[in-house]
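S.K.: Quick one: the structure is below, and I'll ask about it shortly.
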Amino acid sequence: MITQKEYAKRRRKVAKKLPENSITILLSATQKQRSNDTEFPYRQNSNFYYLSGFKEDDSALVIHKGKKSTHCYLFVAKKEPAKELWSGKRLGVEKAKALFSFDDVFEYTQLQEKLTAFSEGISALFYDFKVEDARLAPLKEGLKSVRSYNNIAPVIEALRLVKSAAEVQLIKEALLITKEAHHRAMQVSKELRYEYELQAELEYVFKRRGAYSDAYTSIVACGNSANTLHYIANDRKLLKNRLILIDAGCEYKYYASDITRTIPSRGYFTKAQKELYELVLRVNKEIIKMIRPKVLRSKLQSRSEELLCKGMLELGILHGNFQELMDEKLFKKYYPHGIGHWMGLDVHDEAPYKDDEGNEIPLKAGMVLTIEPGIYLDESDKSIPKKYRGIGIRIEDDILVTSTGYENLSVDIVKEIKDIESLASL
Ligand SMILES: [Mn+2]
């Protein structure tokens, strides 16, 4: 659990980076319309949530940094019984004051008026450029003395890069649920007929275990479907003796998990599938072993490219001279994506990969990243051995950088061939 103390500490860290005589406004996410009068389930904006822990819409966070002191305020929706009857209870000002450790809490409708009151001598305004919408214009207009408009998002996102112990704990809890979901998929795939049935099995576990949602739309891709990287239709048949690529992870208490496993549709890998799978698994493990503080992600990327390129050359998927294949990046046809990404409140955490000078940020204890090598061999590609066509494999784990190396947070989600086959035979 993230304590109020931790949220307050994060706000202090942000305030430290701000100039004197500045106001920072963070607005909650808005309700997103799905169609006509139906809405998507509401989810708070991650940067706002990171600094507040507040889950309601129609809310805002204000950091007022004056000459001598800094104050943080929360603005929340008014308690209105007639509205609450339809759309649910609101915490309201009084309870928010008691439960959240802000210097003060006001009604959201007072935001404009309070900003004007704070605005004396204010010259810089900070807000999240990604949440710039109609709510902001009148607020900006009210702050007449402001001379500079700045994006607060990079300041918050740089902090989000290094996770606290409590954040790591939540990611671990998300992964316990995601583990159960993937293991269930391994057990039941042979009994199912369509990709969406398997998707339902995974998401049934997410929901039943109290996860808010999937952290991203699940990919359940049988056979050649896996060669579409963002395949989310999940509406094709689970054919016999194919591999199924499953990229699915739940979001639990606002924290993501992101796991890919590739499993046989009928419980057993064929010989050709094993050959490819073992290559990807070897690369997955070898890259994870490289993780420790000060290592550059680009190093992990280039090493994964070397290993996959060499492996594909040995299997007769690529032809020619290894160095030429590397220099001309010909392996990219079959391994076109990155080795991994930051993960946290968002599955692709909005944290920077480069510092202000444009230099790559090296790994540091507390960072969480995915490692996800893959090979994608389209069924129409006549240049590769027939036995390998129509196979796509990715194996993805979630890794915490520690002071001495790494902790594989998803180590309990099976990925060895024998373990997957034995789960399938239960
Ligand atoms: Mn991923």
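S.K.: Among all residue pairs at least 6 apart or on different chains, which show Cβ distances below 7 Å where the first residue, located in region 28-40, is under 18 Å from Phe54 (Cβ atoms) and touching a residue at least 40 places away in the same chain (Cβ under 8 Å) and the second is of a type in the set (D, E, K, R) and part of a strand (DSSP E or B)?
M.R.: From residues that are under 18 Å from Phe54 (Cβ atoms) and touching a residue at least 40 places away in the same chain (Cβ under 8 Å), there are no pairs.
S.K.: Among the residues of region 9-32 satisfying the criterion of being of a type outside the set (A, V, I, L, M) and assigned to a helix (DSSP H, G or I), which is farthest from Asp58 (Cα to Cα)? Full working, then the answer.
M.R.: So the first thing to find is which residues in region 9-32 are of a type outside the set (A, V, I, L, M), and the list is 9-13, 16-17, 19-22, 24, 28, 30-32.
Next cut, assigned to a helix (DSSP H, G or I) only: 9-13, 16.
Values: Lys9: 24, Arg10: 22, Arg11: 20, Arg12: 23, Lys13: 25, Lys16: 27 Å.
Looking at residues that are of a type outside the set (A, V, I, L, M) and assigned to a helix (DSSP H, G or I), I get Lys16.
S.K.: Something else now. Do the conditions hold for His182, that is, is it surrounded by fewer than 21 Cβ atoms within 10 Å (Cβ to Cβ) and out of contact with any Cys (no Cβ under 7 Å at 6 or more places or on another chain)? Please lay out each step first, then the result.
M.R.: Working: surrounded by fewer than 21 Cβ atoms within 10 Å (Cβ to Cβ): no; out of contact with any Cys (no Cβ under 7 Å at 6 or more places or on another chain): yes.
It is false that His182 is surrounded by fewer than 21 Cβ atoms within 10 Å (Cβ to Cβ) and out of contact with any Cys (no Cβ under 7 Å at 6 or more places or on another chain).
S.K.: Kindly evaluate Ile288 against the criterion of being within 16 Å of the ligand (Cβ to nearest atom) and either touching a residue at least 40 places away in the same chain (Cβ under 8 Å) or touching a strand residue (DSSP E or B) at 6+ places or on another chain (Cβ under 9 Å) (or both). Explain how you work it out, then say what you get.
M.R.: Numbers: within 16 Å of the ligand (Cβ to nearest atom): yes; either touching a residue at least 40 places away in the same chain (Cβ under 8 Å) or touching a strand residue (DSSP E or B) at 6+ places or on another chain (Cβ under 9 Å) (or both): yes.
So Ile288 fits the description; yes.
S.K.: While we're looking at this one, here's another question. Go through region 245-266 and give me each residue that's of a type in the set (A, V, I, L, M, F, W, C), assigned to a strand (DSSP E or B) and within 16 Å of the ligand (Cβ to nearest atom).
M.R.: Looking only at region 245-266, we keep the residues that are of a type in the set (A, V, I, L, M, F, W, C), and these are 245-246, 248, 250, 256, 259, 263.
Cutting the leftovers down to assigned to a strand (DSSP E or B) gives us 245-246, 250, 256, 263.
Answer for region 245-266, where residues must be of a type in the set (A, V, I, L, M, F, W, C), assigned to a strand (DSSP E or B) and within 16 Å of the ligand (Cβ to nearest atom): Leu245, Ile246, Cys250, Ala256.
S.K.: If you don't mind, another one. Quick check: anything in region 372-381 within 30 Å of Val155 (Cβ to Cβ) and within 16 Å of the ligand (Cβ to nearest atom)? Let's see the steps before the verdict.
M.R.: The initial filter retains those residues of region 372-381 that are within 30 Å of Val155 (Cβ to Cβ), namely 372.
Next, only the ones that are within 16 Å of the ligand (Cβ to nearest atom) stay: 372.
Yes, some residue in region 372-381 is within 30 Å of Val155 (Cβ to Cβ) and within 16 Å of the ligand (Cβ to nearest atom).
S.K.: If you don't mind, another one. Right, Arg242: surrounded by 15 or more Cβ atoms within 10 Å (Cβ to Cβ), closer than 27 Å to Glu191 by Cβ, without any contact (Cβ under 8 Å) to a residue 60 or more places away in the chain and away from the ligand (no atom under 16 Å from the Cβ) or not? Can you show your working first?
M.R.: Details: surrounded by 15 or more Cβ atoms within 10 Å (Cβ to Cβ): yes; closer than 27 Å to Glu191 by Cβ: yes; without any contact (Cβ under 8 Å) to a residue 60 or more places away in the chain: no; away from the ligand (no atom under 16 Å from the Cβ): yes.
So Arg242 does not fit the description; no.
S.K.: Return a yes/no flag: does region 354-366 have any residue that is touching a residue at least 24 places away in the same chain (Cβ under 8 Å) and within 14 Å of the ligand (Cβ to nearest atom). Lay out the reasoning, then the answer.
M.R.: Quick first cut of region 354-366, residues touching a residue at least 24 places away in the same chain (Cβ under 8 Å) only: 360-366.
Those left that are additionally within 14 Å of the ligand (Cβ to nearest atom): none.
Checked against the condition, which is being touching a residue at least 24 places away in the same chain (Cβ under 8 Å) and within 14 Å of the ligand (Cβ to nearest atom), region 354-366 yields no hits at all.
Quick grid of which residues meet (1) farther than 30 Å from Tyr204 by Cα; (2) among the hydrophobic types (A, V, I, L, M, F, W, C):
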site: Gly249; (1), (2): no, no
site: Ala256; (1), (2): no, yes
site: Lys294; (1), (2): yes, no
site: Ser298; (1), (2): yes, no
site: Glu314; (1), (2): yes, no
site: Ile317; (1), (2): yes, yes
site: Glu324; (1), (2): yes, no
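S.K.: Also: When both residues are 6+ apart or on different chains and their Cβ atoms are under 9 Å apart, which pairs have a first residue that lies in region 292-306 and is without any contact (Cβ under 8 Å) to a residue 60 or more places away in the chain and in the same structural domain as Asn359 (by TED's automatic domain parsing), and a second that is of a type in the set (Asp, Glu) and outside any loop (DSSP other than H, G, I, E, B)?
M.R.: From region 292-306, the pairs are Arg303/Glu286.
S.K.: Those residues that are more than 16 Å from the ligand (Cβ to nearest atom) and surrounded by 15 or more Cβ atoms within 10 Å (Cβ to Cβ), I need them from region 382-401; list them, please.
M.R.: Ile384, Lys387, Tyr388, Arg389, Gly390, Ile391, Val401
S.K.: Looking at (1) closer than 29 Å to Pro19 by Cα; (2) touching a Ser or Thr at 6+ places or on another chain (Cβ under 6 Å); (3) surrounded by 15 or more Cβ atoms within 10 Å (Cβ to Cβ), can you tell me which one Arg147 breaks?
M.R.: (3)
The values are calculated or read from the model by the stated rules, or taken from the named source; none is laboratory data. Because the structure is a prediction, the values reported are computed rather than measured. When we count neighbours, we look across all protein chains shown, and the Cβ atoms used for this are built from the backbone with ideal geometry, even at glycine.
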